[in-house]
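See below for the structure under consideration.
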Amino acid sequence: NAGVMQNPRHLVRRRGQEARLRCSPMKGHSHVYWYRQLPEEGLKFMVYLQKENIIDESGMPKERFSAEFPKEGPSILRIQQVVRGDSAAYFCASSLDRNNEKLFFGSGTQLSVL
Amino acid sequence: GDSVTQMEGPVTLSEEAFLTINCTYTATGYPSLFWYVQYPGEGLQLLLKATKADDKGSNKGFEATYRKETTSFHLEKGSVQVSDSAVYFCALIDSSASKIIFGSGTRLSIRP
């Protein structure tokens with residue numbers, strides 16, 4: 001039973017390019033959370049999605065960032081026109097239901113913006 | 001809003017030393033509390049949790065007690081090992097129960 005899969009593991013982009021981060025939740029999980037970890041800082045909540053719905057996006061920057069979790073396929077975190085300050089580790093977590101006491105985390109995507 | 005404050009690292013100890021990592025929280029109501037661990041190059045793993053006051057969570061020799069009166073959830077281990085070297089995060093479920101809020105993490109390094 002595969003865990004939460006994130007790809008790519010490392011992503012390098014130049015300023016102004018787009019970054020797409022993918023997250024495949026654990027089998028059967030329909031709840032996905034995205035977190036961002038800046039260097040030497042804790043994890044900051046970004047967005048909580050359920051299949052085809054955004055439940056809580058209170059941690060998402062107002063511009064350039066978007067997330068989706070379609071009926072079929074992985075959840076995607078999209079960052080348009082990346083800037084150096086977007087460089088961070090982005091972690092995805094999934095849960096079977098809204099009981100997020102049972103979160104399972106992926107290994108993260110390290111985004112580096114040159 | 002809800003928040004978690006934990007002691008800053010890094011913390012460096014010798015093998016078999018006693019470990020305490022302090023954590024306090026601010027929250028509406030009585031949230032569930034957690035400790036997560038992040039080993040190098042990996043995602044976070046749940047280490048232990050407590051869901052109500054005076055509960056003690058324990059796992060792999062680590063313990064933490066939910067103290068409502070001091071709004072604390074300090075992590076302790078009686079005898080650390082080199083393999084315990086990692087970053088430890090204290091966390092809570094926020095009052096809307098829609099997300100987990102993490103502290104800033106404490107990096108622990110154990111010397112042989």
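No value in this document is a laboratory result; all are computed from the given coordinates. Just so it is clear, the model here is predicted, and its values are computed rather than measured. So basically every Cβ, Gly included, is an ideal-geometry build from the backbone, and we count neighbours across all protein chains shown.
The table that follows gives values for the structure above.
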quantity	calculated
Computed over the stretch B:11-112: relative contact order in percent, which uses C-alpha pairs under 8 Å that are six or more apart	35 percent
Charge dipole magnitude, Cβ of K and R +1, D and E -1 - the protein assembly as shown, Cα centre, debye nearest 20	700 debye
For residues of B:97-107, the mean tally of beta carbons on other chains within 10 Å	6
Computed over the protein assembly as shown, the ratio Rg/Rh where both radii use C-alpha atoms and Rh is Kirkwood	0.97
Net charge dipole size for the stretch A:1-95 [Lys, Arg +1 and Asp, Glu -1 on Cβ; Debye, nearest 20]	340 debye
Cβ-based exposure ranking for A:Arg36, A:Arg14, A:Arg98, B:Arg107, in which fewest neighbours within 10 Å come first	A:Arg14, A:Arg98, B:Arg107, A:Arg36
Inter-site label distance for B:Tyr30 and A:Gln50 at 7 Å from Cα along Cβ, in nm	2.7 nm
Gain upon complete extension [A:Met5, A:Lys62; 0.36 nm per residue less C-alpha separation]	17.9 nm
Placed amide H near A:His31: partners under 5 Å, 5+ positions off or other chain	A:Ser95
Unit charges on C-beta of K, R, D, E only; dipole of chain B, Debye	120 debye
Burial order of peptide ranges B:36-47, A:84-95, A:58-69, B:7-18 (average beta-carbon count within 10 Å, highest first)	A:84-95, B:36-47, A:58-69, B:7-18
HN-Hα J in Hz across the stretch B:54-64 - Karplus 6.51, -1.76, 1.60, θ = phi - 60°, x for Gly and Pro	6, 5, 10, x, 8, 5, 6, x, 8, 9, 8
Inter-chain shielding of A:42-50 (mean C-beta neighbours from other protein chains, 10 Å cut-off)	4
Alpha-carbon gyration tensor eigenvalues x 5, square-rooted, for chain A, Å	22, 14, 13
Shielding by other protein chains, B:40-46, mean Cβ within 10 Å	6
Relative contact order %, chain A, counting alpha carbon pairs below 8 Å whose residues are six or more apart	37 percent
Label-point separation in nm, B:Ala53 to B:Arg111, each point 7 Å along Cα→Cβ	4.2 nm
Förster radius 30 Å - calculated FRET efficiency between B:Glu8 and A:Arg22 (Cβ-Cβ, nearest 0.05)	0.35
